[in-house]
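Accompanying notes for the structure given below.
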Amino acid sequence: MRISVASSAVALALAGSLLAAVPASAASHQGGLHLGKIQYDSPGKDTRTNASLNAEWVEIHNNGKKKLQLKGYKLKDNTGYTYTFPTYTVGVGKTVRVHTGKGKNSGKHVYWNRGSYVWNNTGDKARLFKPSGALLDSCSWKKGKGVTSCH
């Protein structure tokens with residue numbers, strides 16, 4: 001009997017330590033809206049052309065159980081540059097890509113309509129806020145290959 005009690009105690013301790021090891025950011029991705037991939041350094045030379053600006057983007061993914069209306073949600077960088085979503089619905093299991101440059105919003109793409117870059121190539125932090133102002137998700141990076149995955 002002592003062996004099974006001891007085994008149970010070890011199993012409980014191990015399970016508790018495994019749960020504690022899960023990063024807090026992973027917990028926010030269990031259901032709902034979250035940041036996905038970020039192309040923070042537009043490929044090639046930074047020319048400030050609209051094509052180059054639009055090659056800088058952030059993906060926001062809905063892994064929840066219902067479609068979400070994003071009107072009023074905000075995407076911000078460390079400097080405070082802010083993109084506020086217009087009326088836009090993202091379906092279940094779908095991703096919307098927020099491009100820095102100019103363009104016409106469509107089913108999978110929205111445009112910040114900026115004439116300069118937002119995301120710093122040497123390190124930055126993207127933050128996604130609910131319309132209430134509550135932080136929903138964040139993702140940071142240091143200088144790297146120009147793209148990061150926020151999972």
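Quick note: the coordinates plus some simple rules give every number you see, no bench work behind them. What you see is a predicted model; the values in this text were computed from it and never measured. Neighbour counts run over all protein chains shown; Cβ positions are idealised from the backbone, glycine included.
Measuring nothing but how far apart in sequence close Cα pairs (under 8 Å, 6+ apart) lie, relative to its length, the stretch 24-149 scores a relative contact order of 28 percent. Seen from every direction in turn and averaged, the convex hull around the alpha carbons of the stretch 41-151 projects onto 6.8 nm².
Charging the Cβ of each Asp and Glu at -1 and of each Lys and Arg at +1, and nothing else, the dipole of the stretch 24-149 about its Cα centre rounds to 300 debye. With the charge dipole of the stretch 24-149 set up from +1 on Lys and Arg Cβ and -1 on Asp and Glu Cβ about the Cα centre, the Cα lying farthest toward the positive end among the listed residues N62, S138, A51 is that of N62.
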